[in-house]
Every structure is written in C-alpha cells, then in structure tokens.
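Step one of this worksheet: look at the structure below.
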Amino acid sequence: MAGVVEYFDELIATDQRVEPRDWMPDAYRATLIRQIAQHAHSEIIGMQPEANWLTRAPSLARKAILLAKVQDEAGHGLYLYAAAETLGVPRDELVDALLLGRHKYSSIFNYPTLSWADVGTIGWLVDGAAIVNQVPLTRCSYGPYARAMVRICKEESFHQRQGYDVLYTLTRGTREQRRMAQESVDRWWYPSLAMFGPPDAASTHSEQSMAWGIKRHSNDDLRQRFVDLCVPQAEVLGVTLPDPDLRWNDERGHYDFTPPDYDELMAVVAGDGPANRDRMRHRRRAHDQHQWVRDAAAAYAEKNR
Amino acid sequence: MAGVVEYFDELIATDQRVEPRDWMPDAYRATLIRQIAQHAHSEIIGMQPEANWLTRAPSLARKAILLAKVQDEAGHGLYLYAAAETLGVPRDELVDALLLGRHKYSSIFNYPTLSWADVGTIGWLVDGAAIVNQVPLTRCSYGPYARAMVRICKEESFHQRQGYDVLYTLTRGTREQRRMAQESVDRWWYPSLAMFGPPDAASTHSEQSMAWGIKRHSNDDLRQRFVDLCVPQAEVLGVTLPDPDLRWNDERGHYDFTPPDYDELMAVVAGDGPANRDRMRHRRRAHDQHQWVRDAAAAYAEKNR
Amino acid sequence: MTALAIADDALIAAQRLLAWVSRAPTMEEDVALANIALDQLGVARALLSSLGDEDELAFHREAHEFRNCLLVELPDDPGGSVWGDFGVLTAKLLFLAAYQKMLYDRLADSEPGALGAVAAKARKESAYHLDHATQWTLRLGDGTAESHGRMQDAVDALWPYTHELTGLIERADWLAIVEPVLAKATLARPADGWQPTGGRVGRHTEHLSYLLAEMQSTHRAHPGATW
Amino acid sequence: MTALAIADDALIAAQRLLAWVSRAPTMEEDVALANIALDQLGVARALLSSLGDEDELAFHREAHEFRNCLLVELPDDPGGSVWGDFGVLTAKLLFLAAYQKMLYDRLADSEPGALGAVAAKARKESAYHLDHATQWTLRLGDGTAESHGRMQDAVDALWPYTHELTGLIERADWLAIVEPVLAKATLARPADGWQPTGGRVGRHTEHLSYLLAEMQSTHRAHPGATW
C-alpha cells in the first residue's frame, strides 16, 4: 500500500498523469468524479439554450453551424461521462444524480436565450470563459480527463470563433441587428464573469484541488485573464461591455472591472435562476418520456445476444 | 292512437310545426335525429378549419371577427344538440356517435385551410352554401329545428358577408393577396358544390323527407340556386370560378356549370378526404384528454348538491 | 404600469386563450374561453389604438419590445403543445383575472381619457373572468383526487410568476382575493420563494418569441398589405 | 421530380429532425439525429444553391411554393408539440431514407451537373440513415409489447403518405426495401388504401405553414439583413 501512495504522490509532484489503473486517494477520486460529472452535465444541459434557436436560425449556413455545434456538445458530454466512468461510476448513476438534482451543472445555462444574438454571445463569451477555465485542465493530473479536455478545448475554440463571427456580422448589420448584439452582450456579460465561480476568498475546495493538480489557477486569476481577453475583442466588435468601471490599470497590467453579483450567482446555483426549472424539466422529460424506447432497445438486445 | 296520427298528418299537410310533445312516426323522429345531430356535429367539427387561423390572423380586427365566428359555431352546435335532445336522445349519446364514427358531419370540413384566404372563402362559399341549404329548414316541419335554424341562418348570413369582405379586401390588395384569394377559391369551389349532396338521381332519403316537410328542395335545385348566386358575386370580387364551362343559359334562365366530382365526394364521406383523420383525432383528443376535467366537475357538483 | 403593459397583458393572454377554442373540455367551455379571449382582445385593441396603430404595435414589435408580465406568455402546456393543461389554464386565469379586476377597478376610478374608459368596461368583464376561473378552481381543486393533484401542480408552478402582478396593485390586496379561493378549493397556498420578473422591461421567457413568431407570421409575410 | 422537390424534402426533413436535438431518448441518439439533420441540410443547401439564393428560397417562399412530399412535413407528434413520438420519427425516417437512397442512387448514375454530384455524396449518407432507421425499427418493433404497439401505430398512420414517394422511383422497388424490414421487425405491413398527395404541386397539409412560420421568423423579422 505504501508503494502505491508514494507512486501517486510522485506522479502529482512531477506533474505526470494519474491513470485509471493507478491507486488514488478516495477524496481525489471523489473530487474528480464530481468535477467531471458536473462538466458532462453542463454539456448536456448546455445544448438547450442554443438548441432553442435551431429551428429559427436566420440563414441555412448559420443553422448548419449551430446544429454542428450543439451536436459537438452532446459529443463532449459523452466523452466526459466516459472519462468519469474510468473512475468507477457508471453513466446512468451520474445521469440520475443530475436528474434528481444531486449534481449541479454550470449555472450559465440557467439563463434564457432571448434572441438570435444570444447564439453569438454564448459562443463568444460563454465558450470563451469555458476555454479560459478549461485550457489549464488539459494539464490536469488525471489522464483521461486531461485528454478529453484537449479535444474539447480544440472544438470549443472553434465554437468561440463561430460565435464571435455571428456577433461580428450583427455589429456590421442593420441598426436592429446592432441593437440585438448589444442587448445580448449586456445580458450575458456578468453571468459569464460568474462562470469562474465565487471570489477566491469565498472559494471552497480550491486549495486541495490545486495541490492535486486538478486546478491550476485561482478563480479570480482566471476571471482576470478572461476580462483582459474580452476587452480588445469587444472593441473590434464594436460592442460596449456593460461596466462603467471597466478600464485599463497600468500599474496592475490588467483591466479593472466590476465583479459579478455573487448573491445572484448563489441564487442561480441554488435553483432560482430564470431558467433552472425549464432546463431541468426539459432534461427530465427527454429522459422520462423515452423510457419505453430504452426498454425496447434493451429487450431487443437481450433477444439477439 | 288514430287521433295522434291524424293530428301529425294534419300538421304536415297544413305546413304547421310538429312539437316535441306531439306524437310522430318513428322514422320521422329517426330522420330528424340523424339530420339535426349531423348538423350539430358539423358545427363542432367545423370550428377546426377556421380555428386553424385564429393564432395567425393578419390583423387584430380580423382576429376578433374570426374568434367571434368560431364561437358562434360552438353556439350553433349547442342549440342544435338541444334541438336533437327534444327528440329524446341525450347529447352525450350523440357526441359518442360522432366520436365512434357512427355519425357523419359535413364533408366540407375534411378539407384543410391552407392560407388566410381560406377564412374568407369558407365564409363566402361554405357558409353561402350552408345558407342556401338551411334557409328552407327555417320552415322545417319540426318546430325546435325550424326555430334553431332561424337564429343560425341569421348568424350564418352575417358570417357569409364577413367572409366575402375578407376576400374583397384580398382581391383589392397586393399581387400576392390576389393570388392567395384566387388559389383559395380554386380549391374550395367544387367541394362547396358538393355540399348539396349527390345528384338527385342518386340521392336516397330525399323523397320521404320532402313528404314530411323536412326537406323542401332537391339537391340539384339548391346547387343551381347556389351557383346562380355565386357567379355575380365572383364577378364583383374579381375572382374566377374554376369552371371553364360556367356560362349563362338563357333558355334555362340559369348558369350551366360542371358538377362536382361525386366520386371524390363519396371518398371524402367514406373517410378519405385530406383531413378526415386530423379532424377526428382532434375532436377525440379534445374529448378524451379532458375526461378528468369533466369527472372533477361531476364530483364537485355531487358534493355540493 | 403603462397602458402598453396593460394592453400587452391582454393581447398575449388572448393569444394563449384562443388557442383553446375547439379544444376545450366541454362545448360550453369553448364558448366561454372564446368569450374571455374576445374580452382580452377588445381591451388590447382599445389600448393599442390609443397608443398608435394597433396592428403595427401587435405585429411589428419584437419580443423585447413587449411589456406583458411573464405569467401570460407561459405556455398552457410546458411542452409547448397547443394542447394545454386545463389546470394550468385555470390557474393562470384565476391569477390574471384577480389582478386585472383590481387594476381596472382602480383605473376606472382614477384615470381620465381612454385608459379610464377602457377600464370601466373591462372591470365588468374581468369580474366575469374571475368568477369563471373561481368556479373551475373549486371544481378542480375540490373535485377528484386527480384533478386536485393537477390543480395543485398548476398553482405551484405558476405561483412564482404572480409576484410580477403588482405595480398599481398591492400584493396584499391580490392575495385577499386569491387566498380564499384556494382555501375553499382545498388547495395549498404555495410559499413565496423565487420571484421571476422581467416582463415589464422586455426581458421575457424563451416562450414569448415562439408565440410571436406564430402570431405575426401572416401579417409579416405581406409587407404593406391591408387586411 | 424536380431538384426543388428533392431539396425541399431534405430541408423540411432537416427542420423536423433538428427539433429533436436535446430531446432524444439517449445522448448517442442526440448525436445521430443531429448528424442526419446535418446531412439533410447539406443536400438542401447544395441543391437550393444550384437553383438560386439558398436563403431566399428557404426563407421567402410561402407554403404553396414548397414542393416537398407531405410525409416530411407531418409533425412527429400529432398534437403539434416539439416533443415528438420516437416511433413516428423512426417510421418517417425509414420510409424517407429508403426512398432517398434509391433516388440518389439513380440520380448519381444518371444526372450530370450539380444534381448528380449532390446525389453521389448523398447516396452514402442515405445508406447510413436507412441503416439507422432500420436498426431502430427492429428494436422498437421487436422490443417490448409497448414499443411494438407504438411502432405499429406509427407505421399505420404514416403508410398512406408513402404513396407520394414515387416519381423517379418505382413503388415496387421501395417496397422491396421496406417490407422486409417491417417483417423482420414483426410489424404488419399496412394495407394500401388512402393515398394523400399534393406536396409536389404545393398543396400541403395544415402543418407546413406552422413549420415555416417558425423557421422563417428570424430571417423575415429583419428585411434585407445579412447573417
């Protein structure tokens, strides 16, 4: 036993990858399961806000791009559940934990998509924030998760450019398209900042995750990195980020900005965002009303073994 | 018994009204029940094709007019079921006969409404044909039916003018509105002619109904009357009735016209019109899925007697 | 509380209600719901006409320009089918009519001009709507076990959205109408928790834009046409 | 059989299919249905582009200008909800894919130019769609009693609309693909009776205009805009 513990510690200390066959501390395993599952759930729930505009995309080209993107999200969910399964929990159990409300998913998906511009803004800001959060995870100490993140980050970065392109087209469009783009950015800016979680001072779990090489940067550091990336992009787009106190701080070498309303974040996490109930009802309905289909597939497979 | 039979014969012979309290032959009663119920069913099923445009009416004024019209149809259904009930059959039984397919309704409602112009055309042609069919029924020998028809014909004639007005506005509108009006009239003309039933030579039931003062004119006479009414109206509207052989016959003092395709009529009556299945599924669903509501109302009424 | 918000409440409520016509639990209810929809449509038209061209306002605004409360835009079936749940319909109508009745009473007594005149007529109509919804709430709440459960589910699901029904109206006054109805119907009065808002500033649910896409489709397909 | 009809079949089929994404019975099926929808959309775009401006054709025609067969426009749920019945989806896809596969095979071999090139690519995709639909038909038809019943209902309800799937294709050839699948799935092959048509001449069901109102809403709300 001593050997495996030392081997694990050695892997962590030398920034190598822990693999499914390796011994790992129970808390490390539990932390990873929680985090990977939450990430998988987010991909699956995250299909909904964008799928909301699939039937109404304003051009066939954009419809195809959006469809491929939502499909990628389902694919990411599948990789991530597979990564979580390497830790010994079957997907069904994880899905049940989501449906029963025992697991969370990213709170950003509890905001509604109210215009076509939201498809652009989600790509630009939400996928942008996800990438900032996730790129460090490509070096996560758990091998299967790190490898899944390499592929996912590549695709997310593609989605982010597509979203930016949607907004870019809108901001060069008619007066009403420009209004739509700005109004969308106004709604999504603070929820996107909130994607990095509570401020470091209030963040639980972080220290141990850092030590284990699961987390690499603090919430506030990542949030700052995101703001610094967005400001020049917003300038090129020609949209105003809805923060009157957003300005360059020469001393810090970063932009100063107003942090998101963490009380709002906590309310959304707790279930009281604008769309929590809709998202969960949708997911449960997709699952529940197709029990007969899954039963049929199982019965057929059984007959034809 | 001889007295009541003579009284009945006397009423018929002198064109007076038979009332619910009066003795009447079983066949007279059965014929009336069938006819009044079919008429009631037609009002109820007839809500569907027009209700199909309620959510999409192109102006609020037209939306309100259409809504009031569809409401009137429900009202007509209720009067007519009440008239049928005076003959001793409760409404529930009649409704069941409709839902189980034992009773028919007017085949005209088995055609779909494919454009807003159909709301106009149904008013003009379908309600127009209904009025030609029904005005003689205001003198029907059965009192409750005759009185219901007085009220219904008054409202139908109002609906007919509204439909004509919808088309009149379209034919004075944009090129696309004019096309829409013409295309709609093209689709509804022959089905409207078919509303008068099979040609006299092939019509069953007619002779006895005539003798009893239930029916006053032959199918072909009424059809001719309808055509004679429509032709000048179509000219004012500026739509072409889709019959190359339609022309004035000086000798007959009527318009010659191509009769409808009675094979098609028979197919639609038999269940194979474009929308028979949709109409019946809609009606059954409205009924079946609200059983719980009717049960609740009954249970509450029972508790609060 | 602007005239536009009052008009939009009525317009969107009418649009949801009229989707029931030909689908109601009884034929009498087809007539009644058409009637209530006509009343709502009448208020919407009168107020929109006082603000501009009624059709321009109804058919050429985007979702973010509508000022209706969220309650009226919610589907009667959460699955988005036109085949709604009659319990949801009833609970929405009860909550809305109680609010509209009080609002119109107040406006009829205080507002000169178009708004006051519309309200004076509409208060009577709302009293009928409230009575109709009350009767159904009692029947469903105190009917069968199934209807009780369905009605309670509807009340629970919609309750959060009633917090937006304020403005000129005090919630306490609204509760004074609604709570006794729920009690008499043997329904539990839900706890106050989540209080979604946004309708009055044009921040709606995802449902409104679908409703508008359908409602506006014929009008918009024919730019510049007269109907 | 015009290129426009082929394009419209694919476009309307894609529009129905993509409404399933995020609602499928399994996550794998979300991926698969998105894939099939993307294939259909790809064919539609390639053909519409060969006929004119793809967006002009997709977003500015009225229902009567569409030439798709009735089968593809039918809702996956007869109640009009976006929450469809998976049996209906499966039967529609089986019937359509069998037809499209044969059609594309034939066009790939006979047509020069855009149509032939599109068909050469699409025949492989259709083969996959057909296989996918076949697998589900077997699972549902020969799965549980419930799934068998639902699948049979779907097959029965849709069968009349398959008579319109002709033109370049002989029905006997289509039957030669479909009948063995039904048989293997223990499903009864419905009798041929009612044979609704009209799609190819623009005479559709009442369902198409609703589908188009939604599909075209964003595009039409912004005349002259670029996306």
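Just a few scattered comments:
- Any pair with Cβ under 9 angstrom, 6 or more apart, that starts in region B:235-257 at a residue that is under 25 Å from residue B:184 (Cβ atoms) and touching a residue at least 40 places away in the same chain (Cβ under 8 Å) and ends at one that is open to solvent by 50 Å² or more (accessible area, probe 1.4 Å) and assigned to a strand (DSSP E or B): B:257/B:247
- In region D:79-86 there is no residue matching the filter, namely being within 20 Å of residue D:173 (Cβ to Cβ), open to solvent by less than 10 Å² (accessible area, probe 1.4 Å), touching a helix residue (DSSP H, G or I) at 6+ places or on another chain (Cβ under 8 Å) and of a type outside the set (S, T, N, Q).
- Comparison of C:55, C:30 shows that the only residue that is touching a His at 6+ places or on another chain (Cβ under 8 Å) and acidic (Asp, Glu) is C:55.
- Qualifying positions in region C:6-28 - open to solvent by less than 10 Å² (accessible area, probe 1.4 Å) and over 12 Å from the mean Cα position of the chain (by Cα): C:20, C:21, C:22, C:24, C:25
- Checked against (1) among the polar types (S, T, N, Q); (2) more than 18 Å from the chain's Cα centre (by Cα); (3) surrounded by 22 or more Cβ atoms within 10 Å (Cβ to Cβ), residue B:121 meets all criteria but (2).
- Sole residue being touching a Ser or Thr at 6+ places or on another chain (Cβ under 6 Å) and under 27 Å from residue A:248 (Cβ atoms), chosen from A:132, A:150, A:185: A:185
- Leading residue by the ranking (farthest from residue D:199 (Cα to Cα)) among those in region D:1-54 that are in a helix (DSSP H, G or I) and basic (Lys, Arg): D:45
- Inspection of region B:45-55 identifies at least one residue that is part of a loop (DSSP other than H, G, I, E, B) and facing chain C (nearest Cβ under 7 Å).
- Evaluating residue A:104 against the criteria (1) away from chain C (no Cβ under 14 Å); (2) in a helix (DSSP H, G or I); (3) touching a residue at least 24 places away in the same chain (Cβ under 8 Å) leaves one unmet condition, (2).
- Scanning region D:210-227 for residues that are part of a helix (DSSP H, G or I) and open to solvent by less than 60 Å² (accessible area, probe 1.4 Å) returns D:211, D:212, D:213, D:214, D:215, D:216, D:217, D:218, D:219, D:220, D:221.
- The condition of being open to solvent by less than 40 Å² (accessible area, probe 1.4 Å), farther than 30 Å from residue B:301 by Cβ and of a type in the set (D, E, K, R) holds for only one of C:164, C:170, that being C:164.
Conditions tested, residue by residue: (1) in contact with an Asp or Glu (Cβ under 8 Å, 6 or more places away or on another chain); (2) closer than 20 Å to residue A:124 by Cβ.
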{"position": "A:184", "(1), (2)": "yes, yes"}
{"position": "A:211", "(1), (2)": "no, no"}
{"position": "A:214", "(1), (2)": "no, no"}
{"position": "A:246", "(1), (2)": "yes, yes"}
{"position": "A:249", "(1), (2)": "yes, no"}
{"position": "A:260", "(1), (2)": "no, yes"}
{"position": "A:264", "(1), (2)": "no, no"}
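- Close contacts from region A:263-291, counting a first residue that is at the interface with another protein chain (Cβ under 8 Å from one of its Cβ atoms) and a second that is of a type in the set (D, E, K, R) and surrounded by 19 or more Cβ atoms within 10 Å (Cβ to Cβ), with Cβ to Cβ under 8 Å and a gap of 6+ residues or different chains, come to A:275/C:206; A:278/C:206; A:282/D:23; A:285/D:23; A:286/D:23.
- All conditions in (1) away from chain B (no Cβ under 14 Å); (2) within 30 Å of residue A:111 (Cβ to Cβ); (3) modelled with pLDDT of 95 or more hold for residue C:212, with the sole exception of (1).
- Any chance residue D:219 is touching a residue at least 60 places away in the same chain (Cβ under 8 Å), facing another protein chain (nearest Cβ under 7 Å), within 24 Å of residue D:59 (Cα to Cα) and of a type outside the set (A, V, I, L, M): yes
- Condition check for residue B:295: more than 8 Å from chain C (Cβ to nearest Cβ), of a type in the set (D, E, K, R) and assigned to a helix (DSSP H, G or I): no
- Here residue B:83 meets the list (1) in a helix (DSSP H, G or I); (2) within 13 Å of chain C (Cβ to nearest Cβ); (3) within 22 Å of residue C:32 (Cα to Cα); (4) in contact (Cβ under 8 Å) with a residue 40 or more places away in the chain almost entirely, failing just condition (2).
- Whichever residue in region A:167-191 is within 11 Å of another protein chain (Cβ to nearest Cβ) and among the hydrophobic types (A, V, I, L, M, F, W, C) and, among such residues, is surrounded by the fewest Cβ atoms within 10 Å (Cβ to Cβ): A:180
- Exactly one residue out of D:52, D:87 is out of contact with any Pro (no Cβ under 7 Å at 6 or more places or on another chain), more than 7 Å from every other protein chain (Cβ to nearest Cβ), under 30 Å from residue A:288 (Cα atoms) and of a type outside the set (S, T, N, Q), and it is D:87.
- Any hit, region B:234-242, residues being part of a helix (DSSP H, G or I), among the β-branched types (Val, Ile, Thr), modelled with pLDDT of 95 or more and open to solvent by less than 40 Å² (accessible area, probe 1.4 Å): no
- Some residue of region C:54-68 being over 30 Å from residue D:76 (Cβ atoms), of a type in the set (D, E, K, R), surrounded by fewer than 24 Cβ atoms within 10 Å (Cβ to Cβ) and at pLDDT below 95: no
- Flag for residue A:72 being surrounded by fewer than 22 Cβ atoms within 10 Å (Cβ to Cβ), among the acidic types (Asp, Glu), out of contact with any helix residue (DSSP H, G or I) (no Cβ under 9 Å at 6 or more places or on another chain) and in a helix (DSSP H, G or I): no
- Criterion: farther than 18 Å from residue A:283 by Cα and either of a type outside the set (S, T, N, Q) or crowded, with 23+ Cβ neighbours inside 10 Å (or both) - qualifying residue of A:36, A:45: A:36
- Restricting region D:112-141 to residues that are open to solvent by 40 Å² or more (accessible area, probe 1.4 Å) and among the charged types (D, E, K, R) leaves a set whose member that is nearest to the other protein chains (Cβ to nearest Cβ) is D:139.
- When the criteria are applied in full, residue B:72 fails the requirement of being away from chain C (no Cβ under 14 Å) and either out of contact with any strand residue (DSSP E or B) (no Cβ under 6 Å at 6 or more places or on another chain) or under 30 Å from residue C:57 (Cα atoms) (or both).
- Index of the failed condition, residue C:157 passing every other in (1) within 14 Å of chain B (Cβ to nearest Cβ); (2) in contact (Cβ under 8 Å) with a residue 12 or more places away in the chain: (1)
- For region C:177-209, the set of residues classified as part of a helix (DSSP H, G or I) and within 14 Å of chain D (Cβ to nearest Cβ) consists of C:207, C:208, C:209, listed by residue number.
The values are calculated or read from the model by the stated rules, or taken from the named source; none is laboratory data. Worth saying up front: this structure is predicted, and the values here are computed from it rather than measured. Using ideal geometry, Cβ is built from the backbone for each residue, glycine included, and neighbour counts are taken over all protein chains shown. For the accessible areas, the whole protein counts, side chains as well, though only heavy atoms, and no ligand, DNA or RNA atoms are used. Shrake-Rupley method; radii C 1.70, N 1.55, O 1.52, S 1.80 Å.
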